[in-house]
Structure formats: structure tokens, C-alpha cells
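Scroll down for the structure; my scribbles are underneath it.
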Amino acid sequence: MNKVISIALLIAAAALLSGCPKKHNVNEPPVAGTQVPESSSGGAGEGASTSTRPLDADAANAARGLGEGTGLLARKVIYFDFDKSEIKPEFADIIATASRNLTSNPNLKVKLEGNTDNRGTREYNIGLGERRAQAVRRALMLQGVAETQITTVSFGAERPAVEGDDENAWSKNRRVEVVYLP
Amino acid sequence: MNRHFSCLALIACVGLGSFARASFVVEVTRGQTEAIPIAIVPFSTPAEAAATFDVAQLVSDDLARSGRFKTMDRQDMIDQPHTAANIAFDDWRRLNNDYMVVGSVQPQGADHFTITYELYNVLTRQRLLGYQITANRPGLRSASHQVADMVFEKILGIRGAFSTRIAYISVLGHLPLRTFQLIVADADGENPRVVMQSNEPLMSPAWSPDGQTLAYVSFEDRLPTVYVQTLKTGERHRVSAHAGVNQAPAWSPDGKKLALTLSTRDGNLDVYVMDLATQLLSRITDDPGIDTEPQWSKDGQSLYFTSDRAGGPQIYKTGIKPGDKPRRLTFQGSYNARPRVSPDESQLAFVTQEDGAYRIATMDLRGRGDVQVLTKGHFDVSPSYAPNGAVILYATRDKGRGVLALVSADGRVQQLLVSSEGELQEPAWAPF
């Protein structure tokens with residue numbers, strides 16, 4: 001049989017792009033969110049440009065005069081063994097110093113950022129990173145830090161300190177960063 | 001009031017207008033001996049149209065990438081017929097072709113083309129398909145995918161997925177300043193479009209069942225937030241920004257609910273279901289361990305999820321009604337996580353640990369629960385089924401770089417999709 005069936009094609013690409021002229025430089029896509037209006041019902045920061053980075057730990061600490069290079073306060077990273085969330089004895093002094101600092105400055109707030117290495121599944125790693133942050137939180141609270149002074153966030157494997165696929169990189173990425181909030 | 005559902009409008013033109021450059025080069029890492037030999041003969045094409053697009057090449061590439069077909073090299077073709085009358089079937093049979101496709105591309109006016117093609121069984125000389133497709137110039141690519149879909153389905157009896165799309169995360173640059181892009185591309189990696197970009201991590205893209213909307217996690221405020229973004233308009237809603245963890249969104253089959261992972265103040269992760277219309281949350285799991293990575297059953301009555309309540313991560317299934325108790329599904333090995341349900345729910349794909357390596361495995365859901373490890377890499381994660389269930393797209397690492405790869409659902413064919421830039425992560429295959 002010789003019947004030829006005609007199919008009219010809907011051109012998805014044309015439809016998708018109809019409202020969006022290709023006016024941007026291909027090599028430098030603009031940061032999404034920069035043109036997003038701040039929503040009146042939204043919380044602070046909701047419409048914030050994604051290219052604006054909060055102060056990093058060092059800058060924030062320096063800004064608060066919390067020491068940036070010397071003393072125990074400068075050591076703000078607690079490292080963990082693979083698949084573990086127990087705080088090793090060698091990091092007890094960091095916990096002790098942070099606790100003293102927080103208990104003597106009740107207005108001071110700290111964010112504990114939990115991280116993992118890049119092995120395993122990403123979402124489960126979020127759980128492991130949170131578990132590490134919680135271990136540090138509990139340790140601080142045991143030494144008298146008020147619950148309201150501490151927040152936690154887990155980045156899982158998404159914010160490594162070091163790039164790489166070996167134990168050298170992994171050991172530096174399994175960590176909790178103690179970030180004093182400005 | 002509704003602060004979690006406030007609308008962020010119009011990222012559309014920013015996002016959809018920007019094009020990423022990555023397209024994939026396919027390296028077949030494990031082939032299939034029983035691949036079906038087929039010849040896609042170059043279509044007769046007026047010079048003008050030829051400069052525009054090589055339809056036969058794309059059809060050939062699609063079929064080869066499926067792993068189910070062995071396509072004939074053009075330089076091995078003795079002849080280039082375009083109609084049945086000119087096919088010397090005995091010659092093509094001697095060259096070991098089971099099937100062949102011939103056709104033409106004819107201009108229709110200034111900017112339109114008619115693709116005519118026919119699929120023949122070389123052994124029986126029977127015509128299996130004969131179609132004409134009209135397309136404008138930018139539509140030639142999708143029309144060609146459609147030809148590949150029809151050939152694939154006619155020969156294998158499985159719906160082709162060459163016309164579908166994928167989403168994935170691409171990370172550009174190096175520490176300390178990296179750019180995260182959420183990209184939507186054709187299933188072959190072409191036409192990549194940046195739909196969201198941030199200097200903070202983006203995670204876990206998940207397609208709505210109608211393929212119109214993506215849910216994802218963004219750390220743009222340095223806290224995890226679940227957003228839902230309509231692709232065509234760029235309209236974006238913040239659906240979950242609770243204190244603590246907001247992760248792993250998964251659409252219910254009816255598109256009305258989102259399963260996701262939230263945490264209590266003391267960091268206990270559990271799976272919840274959110275009604276998207278009312279924002280109401282129901283807690284599904286309640287265990288001190290990590291419960292996360294939820295996925296819906298086809299009937300929308302149950303969730304598969306990862307939990308380490310028994311020590312290491314294992315996969316469980318629970319009904320979503322109050323009182324439903326989770327049932328453990330995986331027992332082999334100490335690490336089984338991130339379940340994905342095949343489109344017909346005959347199979348579960350997940351990440352398993354084997355000899356210290358992370359690999360993609362499947363579990364038979366209809367029989368005895370047999371487990372098969374499909375891949376041989378060290379960092380194979382984030383499996384995602386093609387909507388026809390034939391192949392699984394996943395993320396792996398190649399020479400220190402994040403890349404995407406494909407493995408057939410039976411494990412026999414495996415391919416690396418090497419992109420020209422970026423660390424590629426978390427692929428999610430769109431529905432039909």
C-alpha cells in the first residue's frame with residue numbers, strides 16, 4: 001500500500017522561544033534572579049540576586065573582631081571520618097573555645113555548616129551533613145550555649161572545600177564549618 | 001501569611017534565552033552483540049536544505065545511541081537510494097542489514113520542508129513505515145527525532161524516547177567561585193537551555209508529570225529552599241523554606257502533591273507530603289534516622305524512600321495513609337539509596353555500594369526482588385529512567401569530571417555522554 005500520512009508538526013522550539021528573543025550572549029548567560037522583583041509578601045532575601053554572596057566565615061569573623069589568623073578562634077573547621085559524625089578528641093578545643101565565646105556573648109550567633117565528601121547519593125549526603133552539624137550543635141549546647149544562638153545548615157557534598165576524587169580531598173571536605181553570623 | 005508560596009515571576013526570558021554550549025559526544029563503553037543492523041541512507045536533499053540539516057544522520061545517531069541498533073557507516077554504503085524502486089535489496093542484504101530507511105527532504109516554500117521516509121525490512125522487502133512530516137527550518141531536528149521514534153517503535157515495539165527532554169545540573173568554574181546551572185536539553189543533549197543559574201548549589205531537579213514544570217532545591221539564600229518553576233513562563237514559586245532541611249522534591253503522579261524531606265529542629269530528617277494547592281503538610285515517616293529521597297508509586301498511594309534506620313542506608317516502601325508501616329525492600333549490601341521507579345513500576349533503579357564503589361543497580365519489583373548491578377564505575381549515582389523504561393540516565397565521573405552516562409535497563413549497553421564543559425550532575429529524564 002502506498003498511503004502516505006501527513007503529520008503536521010508542532011514546533012516546540014518555536015513555541016518555547018516565542019516570548020523570549022535570543023538576545024543574550026551565548027557565552028555569558030545572565031544570572032537568573034537578577035530581574036526578579038522583590039515580592040512584597042516574601043521574606044527578606046527572597047528576590048536577592050544569586051550573585052550576591054553573604055560574607056564568608058573569615059570575612060564575617062574578621063568583621064566582628066573575632067580573630068582571623070591567630071588563636072583557636074581561627075580554627076573553625078571540624079573534620080570527620082568517613083561516614084561518621086562523632087567529634088574526634090583533637091577538635092575538643094575548637095568546641096570549647098566556640099562555647100566560651102558564645103556563652104560570654106549571648107547576642108552572638110553561629111551557623112554550623114555540615115558537609116560531606118562527594119561519595120554516595122547527593123540527598124542522603126545532605127542528611128549526613130546535617131547529622132554532623134547537629135553533633136557540633138549538641139556539643140556546644142552541652143557546654144552551655146543557648147539553643148537560640150545556633151542554626152544549622154547542610155550542604156551535603158555540594159560545597160566542597162577542595163576539589164578532587166581522592167582521600168586527600170575527601171578528608172578535607174567531611175567537615176563542619178563554624179560560621180559566626182555578622 | 002503565605003510566605004512559602006510567594007511568586008517570583010519572569011525568570012523566563014533570562015533563563016530560556018540563554019543557551020549553554022554543552023552537547024554530548026557519545027562513547028559506547030559496553031555494546032550489545034545482538035544490536036539490530038540497520039542502514040539509514042542519506043536522504044536526497046536539495047543543496048539548500050542539505051546545508052540546513054542532515055536528517056538521516058540524526059536518525060542514525062539516535063538509533064545508535066539507544067544501543068539497540070547497529071547503524072551502517074555511510075562510507076560502507078554501496079549506493080544511496082531514496083525510493084523503494086531504487087533499492088537493490090539483495091545487495092543490502094549481503095551487507096548484513098536487517099532494516100533500512102530511505103527518504104528525502106524537499107523544500108516547501110521559503111522556510112518549510114517535507115521529510116518523506118520509508119522503513120523497509122531488507123529480508124522480506126516489506127515496507128514497514130511510510131510517512132511524510134512537514135517542518136519549518138528550526139523544526140527539522142525535532143522532526144528527525146520523530147522519525148527515529150517511529151522506526152524504533154515499529155521494530156522493537158517500544159515507544160521511542162528520542163523526542164523527549166532531560167534536565168540536569170551543570171557546575172561551571174572552580175572553587176571558590178562556581179556557577180550552578182539548571183539546564184533543560186533535548187534527550188541527545190542538544191539545545192541546552194539554562195533555566196536557572198546561581199552561585200550557590202542547585203540540586204535535585206524533578207519533572208512534573210505533565211513535563212511543564214520543574215521542582216528543584218536552590219541554596220541561593222545559602223539555605224536550602226524548594227522551588228517549583230514553570231518552564232514556558234519562567235514563573236517560579238517558593239514552596240518550601242522551613243527552618244532546617246528542605247530537600248528531595250518528588251511529584252505525585254497526579255501532579256497535585258510534592259513529597260519532600262524536611263527536618264526537625266534537632267536535625268531529624270523525615271519524609272513529608274505537601275498538597276501544592278493548600279500547602280498543607282502530612283508527615284509520612286517518623287524515625288530518628290535519616291529518611292529521604294522519596295519517590296511515588298505509580299498509583300500515588302505509596303512512597304519509596306531511603307532510610308538508615310537500620311544502620312546504613314536501605315530502601316523502604318510505605319503507604320501514605322496514617323498508620324501505614326514502612327517495609328524494607330533492599331537487603332543485599334550495606335548501602336542502597338535513592339530509588340527511582342521504572343515507568344511501569346516493574347523495576348526499581350537505585351545506587352548501591354559494591355567493593356567501595358557506588359554503582360547503579362536495579363531490583364525486580366514483580367518477581368522475587370532480584371538485584372542486578374548494571375554499572376562498573378566508582379561514582380555512579382542519580383539514576384533516572386527514560387520515559388519508555390528502556391534506558392537509565394545517570395551521573396558518573398570520568399577523568400576527574402562529572403559526566404552523564406546511559407545504561408540500558410537490562411545492563412547490556414552502556415554509554416558515556418561526554419560534554420564539552422561543566423561538571424554535569426543529577427540528570428532527570430522528562431516524561432513523554
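Read-outs: derived from the displayed coordinates by stated rules, not from any lab. This structure is a prediction, so every number in the text was calculated from the model and none was measured. Reconstructed Cβ throughout: ideal geometry from the backbone, glycine too, with neighbour counts over all protein chains shown.
Restricting things to alpha carbons, tell me how big chain B is in terms of Rg and Dmax, in Å.
That works out to 23.2, 75 Å for Rg and Dmax.
Within 10 Å, at most 16 other Cβ atoms, and a DSSP state outside H, G, I, E, B define an exposed site. Report the longest part of chain B free of exposed GluC sites (Glu not before Pro).
It runs B:35-189.
Return the average number of partner chain Cβ atoms within 10 angstrom of each residue Cβ along peptide B:199-209.
Taking all residues of B:199-209 together, the mean is 3.
With springs connecting C-alpha atoms under 10 Å apart, model chain B as a Gaussian network and identify which of B:L129, B:L140, B:L374 has the largest mean-square fluctuation.
Judging by the Gaussian network model, the answer is B:L129.
Find which of A:S171, A:G156, A:V145 sits farthest along the positive direction of the dipole of the range A:102-173, computed with +1 on the beta-carbon of Lys and Arg, -1 on that of Asp and Glu, about the Cα centre.
Towards the positive end, the residue furthest out is A:V145.
Which number do you get for Rg(Cα) / (2.2 N^0.38 Å) in the range B:34-156?
After normalising by residue count via 2.2 N^0.38 Å, the value is 0.99.
Which whole-Hz ³J(HN,Hα) couplings does the range B:207-216 yield from phi under the Karplus relation 6.51 cos²θ - 1.76 cosθ + 1.60, θ = phi - 60°, glycine and proline marked x?
With coefficients 6.51, -1.76 and 1.60, one gets 7, 5, x, 8, x, 8, 9, 10, 9, 7 Hz.
With runs of 4+ DSSP H residues as the only contributors, calculate the mean residue ellipticity of chain B at 222 nm using -39,500 (n - 2.57) per run, divided by the residue total and rounded to the nearest 500.
Value at 222 nm, helices only, nearest 500: -3000 deg cm²/dmol.
Considering only C-alpha atoms, what is the centroid distance from the range B:86-112 to the range A:132-175, in Å?
With the range B:86-112 and the range A:132-175 each reduced to a Cα centre, they are spaced 61 Å.
Short version: ³J(HN,Hα) in whole Hz for each residue of the range B:117-131, in order, from phi by Karplus 6.51 cos²θ - 1.76 cosθ + 1.60 (θ = phi - 60°), x for Gly and Pro, what are they?
Values, residue by residue: 9, 9, 9, 10, 7, 5, 6, 9, 6, 7, 7, 9, 9, x, 9 Hz.
Roughly how tilted is helix B:140-156, in degrees to the nearest 10 and between 0 and 90, from the longest Cα axis of chain B?
90
How high is the FRET efficiency from B:S282 to B:R127, r the C-beta distance, R0 45 Å, rounded to 0.05?
Computed FRET efficiency for B:S282 and B:R127: 0.20.
Give the dimensionless ratio obtained when the Cα radius of gyration of the range B:94-165 is divided by 2.2 N^0.38 Å.
1.20
If you find the alpha carbon centre of the range B:177-194 and of the range B:291-343, how far apart are they in angstrom?
Each part reduced to its Cα centre gives a spacing of 30 Å.
Just in the range A:73-182: which chymotrypsin sites (Phe, Trp or Tyr not before Pro) are loop by DSSP and have at most 12 other Cβ atoms within 10 Å?
Here the sparse-neighbourhood loop sites are A:F82.
List every residue whose amide H lies under 5 Å from the amide H of B:A409, counting only residues 5 or more places away in sequence or on a different chain, with H placed 1.01 Å from N in the peptide plane.
It is B:V391, B:I392, by chain and number.
To the nearest Å, what is the center-to-center distance of the range B:230-274 and the range B:375-432, using C-alpha atoms only?
25
Between helix B:55-65 and chain B, what is the angle of the helix's C-alpha long axis to the longest principal axis, kept within 0 to 90° and rounded to the nearest 10?
50
How much length is gained on full extension from B:S346 to B:K298, taking 0.36 nm per residue of separation minus their Cα-Cα distance?
Working it through step by step, the gained length comes to 16.3 nm.
Hey, with R₀ at 41 Å, roughly what FRET efficiency would B:K321 and B:Q372 work out to, going by the Cβ-Cβ distance, to 0.05?
0.80
For chain B, set up a Gaussian network in which alpha carbons nearer than 10 Å are linked by springs, and say which option among B:L175, B:L262, B:L348 fluctuates the most.
The residue that fluctuates most here is B:L175.
Within 10 Å of each Cβ in peptide B:216-224, how many partner chain Cβ atoms are there on average? Round it to a whole number, please.
Per-residue shielding by partner chains comes out at 6.
Each residue of the range B:171-180 in order: what ³J(HN,Hα) in whole Hz does its phi give by Karplus 6.51 cos²θ - 1.76 cosθ + 1.60, θ = phi - 60°, with x for Gly and Pro?
10, 9, x, 10, 4, x, 10, 10, 10, 9
Please enumerate, by chain and number, the lysines with C-alpha under 30 Å from the C-alpha of B:K257, excluding those fewer than 8 residues away in the same chain.
Cross-link targets: B:K232, B:K298, B:K317, B:K321, B:K325.
How far apart, in nm, are the 7 Å Cα→Cβ label points at B:I78 and B:F432?
3.9
Could you identify which residue out of B:N96, B:N191, B:N86 has the top mean-square fluctuation in a GNM of chain B using Cα springs shorter than 10 Å?
Taking springs between Cα atoms under 10 Å, the residue moving most is B:N86.
Just to be sure I understand: of the beta bridges DSSP finds with both ends in the range B:34-156, what percent are antiparallel, rounded to 5?
75
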